[in-house]
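One structure below.
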Amino acid sequence: MNEIYFLVVAVIALALFFDFTNGFHDTANAMATPIATGALKPKTAVTIAAILNLVGAFISVEVAKTISGGLINEDPSGGGVLIHPGFIFAGLIGAIVWNLLTWLLGLPSSSSHALFGGLIGAALVGAGFSSVNYDVLLAKIIIPAVLAPTIAGLGAFLATRIAYKITRRFDSRPDGRGGFRWGQIFSSSFLALSHGTNDAQKVMGVITLALVSAGMQEPGTDPQFWVILSCALAIALGTYSGGWRIIRTLGSGLTEVKPAQGFAAEVTSATTVLVSSHFGFALSTTQVASGSIIGSGLGRRGSKVKWRTAGRIGIAWLMTLPAAGIVGALAAWVAHFGLIGYIIDTFVGMIIILGIWLWSRKQKVNHENAVSGVAASAKVVKIKKNIKPLEPRRAKKARKVAKARKKEKEAKAAAKLREEMLKTAEIEKIEAKKKAKQDSKKKKSKKKGKGAKK
């Protein structure tokens, strides 16, 4: 029994460490776009995200119940199997290793799917195929994984189009859409809050599953308050540390993000995540955010989506569930050897984590170099053809009146100039005649003087 208690403590510690990695891995989901557009300073952005992730973790526990009482069939009396805490320990090792590897590569892969993959792989090796509820896996994880980024991308595409359509008359103005930066502060905060309601709950579910498997909590019950609080604090601390490598990828690696499209992407992502959390869908906020950014890039005229980077992210998405599952399964197989197996798992896991961290130090990415350039509102739209912006009727009428007055004024000035030129010409003519008379008089007087001398 003492060994079980020790193992449960180890699982809780490892789960909270995974929650910490989930925080800095997924900071980019909410804060990459406002940092890229200059709506928020990097440190300010991650601080806001950390606070709102903390608050969001207390809003709902529906996703936690999907994991603790849905994905893994942990109730033997109900036809399920007895899940040992050691399998959960092995699954967490698989999730953490994959999470850190994709962080090192700057790929916004799914921390959620890494967790699910690790747990499923460990459960299959430890308790067989009956340990997984495949209908829950399909309905609440795999189907949302396909639909959520697609819906978010389509929503962001339409929202971006609408935003640019409404503000089209500001195309030629230097700071025409700079006001969207203020909107981004609220939309990114909304997304950070929704991230807390979804991702923090997954670790709550894992800890609750470990407590149930050890007989310390009844199956089907909600997470305890201390579990909710510790998970909220862990993800908030991880978020504050900032995952700058992934912020760089989502902020400028997929497409050049401008204020209007950043606002559209954030609102769409937050709405998708909150609705999914309400129904208990354990989807990937990373996939939703990436889908929204790609959709907003397609929605803004003149922007280009970097499909090579998008392809790398897509491959990482496809590999996450099986790759984390394989690592989790290997760790579960080693755990079969008892205490020595858990020690080997821990030692190997620590070596891999340390190696990834040391490798990351070779090319350091922080808040100073995460996003090299901040978008200028003066270059919000790159239009190849000269299209006249739409104007309200009053503005159009006023412009016509001003143009007519300007023409009238120019005509008067030209007439006045002509009149002055004519007057000048007349004066010059008169002066020339006077001068000619004077010259003729002088000649006559000279002739008279010569005649008198003779």
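If neighbour count is taken as other Cβ atoms inside 10 Å, put D439, D345, D199 in order from fewest to most.
On the way: D439 10, D345 24, D199 32.
Ranking D439, D345, D199 by Cβ neighbours within 10 Å, fewest first, gives D439, D345, D199.
Measure out, as a whole number of angstrom, how far apart the alpha-carbon centroids of segment 260-323 and segment 179-218 sit.
Taking the Cα centre of each part, segment 260-323 and segment 179-218 sit 17 Å apart.
I'd like the chymotrypsin sites (Phe, Trp or Tyr not before Pro) in segment 268-365 restricted to DSSP loop residues with at most 12 other Cβ atoms within 10 Å, sorted by number.
The qualifying sites are F279, F337.
Which net charge results when you count Lys and Arg as +1 and Asp and Glu as -1 among the other residues whose beta-carbon is under 13 Å from that of Q287?
Working: positive: none; negative: D26, D199.
Once all neighbours under 13 Å are counted, the net charge is -2.
Between D222 and T424, what is 0.36 nm times their sequence separation minus the Cα-Cα distance? Round to one decimal in nm.
Values: separation 202, 0.36 × 202 = 72.72 nm, distance 9.96 nm.
Here the answer is 62.8 nm.
Give the order of M31, M421, M319 when sorted by the count of other beta carbons within 10 angstrom, beginning with the fewest. Could the numbers behind the result be given before it?
Values: M31 33, M421 10, M319 17.
The fewest-first ordering by Cβ neighbours comes to M421, M319, M31.
Using a Förster distance of 60 angstrom, determine the FRET efficiency expected from the C-beta separation of K306 and K403, and round it to 0.05. Before the final figure, lay out the partial values.
Values: r = 44 Å, r/R0 = 0.74.
After rounding to 0.05, the efficiency reads 0.85.
Quick query: amide H of V132 versus all other amide H atoms, modeled in the peptide plane; which residues come in under 5 Å with a sequence gap of 5 or more or a different chain?
Here N73 satisfy the definition.
The numbers here are math on the coordinates, done by the rules we state, and not lab data. Nothing here was measured: the structure is a model prediction, and the numbers come from that model. Note that each Cβ is placed from the backbone with ideal geometry, even for glycine, and that neighbours are counted across all protein chains shown.
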